[in-house]
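Read through the structure below, which is laid out as structure tokens, and then see the notes.
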Amino acid sequence: MRRLLFILPLLTLALMAGFFAWSLTSGRDPASIGSVVVGRPAPKLDLPALRPGEPPLTDESLRTGKPVIVNFFASWCTPCLAEHPLFTRLREREGATIVGIAWKNKRDDATAWLKKLGDPFKLAGLDLDGKTGLDWGLSGVPETYLIDGAGIVRRHYRGPITERDLNETILPFLKGAVK
Amino acid sequence: MRGLLCLLALLFALPALAVEPSEILPDPALEARAREIGRSLRCVVCQNQSIDDSSAEVARDMRRAVRERLTAGDSDGDVFAYMVARYGDYVLLKPPFKAGTLILWLGAPLVLLVAGAALLLAARRRRATPIVAPKPLDEEERRRLDALLKG
């Protein structure tokens, strides 16, 4: 019994070391706030079109039977600039359906930004007051959602998507390999 | 005098809130409820600030949504449910009591209980061991002691 007590500190140390090792290697991000929309039908969408003369964004825009990528962006957002070429590539090489939503952005600023950098969006909406962003559980821009053909959200990226996200998840998702 | 003024100013200083005058509701009762709720909702971009304390864009949207829901006649519980449906339990500064948070709520009391029980047990055991009077020295020991004391 007494000898067992002497092992206790060592045991505690081993437990803590194990937890720290797991934290370092498992890719756990303590700053991640998670997302409750994943696994659920995409939240309500009812926004005016960003580009003049186009139809508004509605729930039907997401229920096409094919995977859709929804990207919230803004012309004032620097990380959006970083991920933009990836969306261009997805559009041009993979023919992906990408819906862009300008968040808290003046219409002219957003359209000028797209004109300058290229416009990868099949449909684009304007969420000037951020209300749709709130419904989508948005914490800022850029954020990206992968929505499957049935309209269910499968992934939610907070922050810019990366080359790695593209190769490991987004491309397989477009081919229907990611659930 | 100046010291006294400084002290008074410190005593009556209000905490700096990010709530802007334009956001405040005309109905003071409703605004008070909005403040109460805003204090317990966590800003989703600043880790450990309430939405009332944070000047982040999203926090402002959330404050506005809280006021819109209240004006529409929602109860406080409805407003919390509205936020949890969008941001999960993360938005609650006070986490709910449920299966996933059991260890959070019960962990510390449990440790206290276990440690307290162990201490009690140890104390009781110590009391149970009788204090025995030392054995008297035998001949050999007495001779050695005498020699040592003399030496």
> When only the heavy atoms of the protein chains count and the probe is 1.4 Å, how do A:TYR157, B:TYR87 rank by accessible area, highest first?
Replying inline: A:TYR157, B:TYR87
>> For the protein assembly as shown, take the convex hull of the Cα atoms, compute a quarter of its surface area, and give me that in nm², please.
In response: 35.5
> Going by accessible area, probe 1.4 Å, with all protein chains left in place, what is the ranking of B:VAL132, A:VAL141, B:VAL111, largest first?
Replying inline: B:VAL132, B:VAL111, A:VAL141
> On full extension of the chain, what length is gained from B:LEU148 through B:ALA123, given 0.36 nm per residue of separation minus the C-alpha to C-alpha distance?
Replying inline: 5.1 nm
>> Within the range A:33-50, list the residues whose amide N lies under 12 Å from a label point set 7 Å along Cα→Cβ of A:LEU128.
In response: A:48-50
> Of the accessible area of the range A:47-164, with the probe set at 1.4 angstrom, what percent is carbon plus sulfur?
Replying inline: 53
>> Could you report the buried accessible area between B and A, both sides summed, computed with a 1.4 Å probe and given in Å² to the nearest 100?
In response: 1400
> Which residues of the range A:15-60 show a drop of at least 30 Å² in accessible area when all protein chains are present, compared with their chain alone (probe radius 1.4 Å, heavy atoms only, ligands and nucleic acids excluded)?
Replying inline: A:ILE33, A:VAL36
>> Using only the heavy atoms of the protein chains and a 1.4 Å probe, how would A:PHE73, A:PHE6 rank by accessible area, largest first?
In response: A:PHE6, A:PHE73
> For q = 0.26 Å⁻¹, what log10 I(q)/I(0) does the range A:133-178 give under the Debye formula with an equal point scatterer on each alpha carbon and no solvent?
Replying inline: -1.00
>> If I ignore ligands, DNA and RNA and count only protein heavy atoms, how much of A:HIS156 is accessible to a 1.4 Å probe, in Å² to the nearest 10?
In response: 30
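Taking a quarter of the surface of the convex hull around the Cα atoms of the range A:1-62, what do you get in nm²? Write out the running numbers ahead of the final one.
Working: hull surface 32.7 nm².
Over every viewing direction, the Cα hull of the range A:1-62 projects on average to 8.2 nm².
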> Which of the residues in the range B:17-62 lose at least 10 Å² of accessible area when you go from the chain alone to all protein chains together (probe 1.4 Å)?
Replying inline: B:VAL44, B:VAL45, B:GLN47, B:GLU57, B:VAL58, B:ASP61
>> Nearest 500 deg cm²/dmol is fine: what mean residue ellipticity at 222 nm does chain A get from its DSSP H runs of n ≥ 4 alone, each adding -39,500 (n - 2.57), divided by its residue count?
In response: -10500 deg cm²/dmol
> What list of ³J(HN,Hα) values in whole Hz, one per residue of the range A:118-127 in order, does the Karplus curve 6.51 cos²θ - 1.76 cosθ + 1.60 (θ = phi - 60°) give from phi, with Gly and Pro shown as x?
Replying inline: x, 10, x, 8, 6, 10, 9, x, 10, 10
>> Check which residues have an amide H placed less than 5 Å from B:LEU92's amide H, if you skip close sequence neighbours.
In response: B:ARG42
>> Please list 3J(HN,Hα) in residue order for the range A:149-166, calculated via the Karplus relation 6.51 cos²θ - 1.76 cosθ + 1.60 where θ = phi - 60°; whole Hz, with x for glycine and proline.
In response: x, 8, x, 9, 6, 9, 9, 9, 9, 9, x, x, 6, 10, 3, 5, 4, 4
> For the range A:120-137 and the range B:95-144, what is the separation of their C-alpha centers, rounded to whole Å?
Replying inline: 62
> Amide H of A:GLY140: which non-local residues (sequence gap of 5 or more, or other chain) have their own amide H closer than 5 Å, using H built in the peptide plane?
Replying inline: none
> Relative contact order for chain A: what is it in percent, counting Cα pairs under 8 Å that are at least 6 residues apart?
Replying inline: 27
> Nearest 20 debye, what's the magnitude of the dipole of the range B:39-151 about its Cα centre given +1 on Lys and Arg Cβ and -1 on Asp and Glu Cβ?
Replying inline: 460
> Taking N as the number of residues in the range B:80-131, what is its Cα Rg relative to 2.2 N^0.38 Å?
Replying inline: 2.04
> According to a simple spin-label model (label point 7 Å from Cα along Cα-to-Cβ), what is the distance in nm between B:LEU17 and A:LEU11?
Replying inline: 5.1
>> Tell me the per residue accessible area of chain B using a 1.4 Å probe; a whole number in Å² is fine.
In response: 74
>> In whole Å, what are the extents of the range B:2-146 along the principal axes defined by its C-alpha atoms, from largest to smallest?
In response: 99, 55, 27
> When all alpha-carbon pairs of chain A are counted, what percent fall beyond 26 Å?
Replying inline: 36
> Residues of the range B:73-120 with accessible area at least 50 Å² lower in the all-protein-chain context than alone (1.4 Å probe)?
Replying inline: B:ARG86, B:TYR87
>> With viscosity set to 1.567 mPa s at 4 °C, what whole-number translational diffusion coefficient in µm²/s follows for the range A:96-152 from Stokes-Einstein and a Kirkwood radius over Cα pairs?
In response: 105
>> I'd like to check one number: the per residue accessible area of the range A:10-166, probe 1.4 Å, reported in Å² as a whole number.
In response: 49
> If you take the beta carbon distance between A:ASP108 and B:ILE24 as r and set R0 to 30 Å, what does 1/(1 + (r/R0)^6) give as a FRET efficiency, to the nearest 0.05?
Replying inline: 0.45
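The values are calculated or read from the model by the stated rules, or taken from the named source; none is laboratory data. A quick note: this is a predicted structure, and the numbers were derived from the prediction, not measured. Backbone-built Cβ (ideal geometry, glycine too); neighbour counts: all protein chains shown. SASA here: full protein model, heavy atoms, side chains in, ligands and nucleic acids out. Shrake-Rupley method; radii C 1.70, N 1.55, O 1.52, S 1.80 Å.
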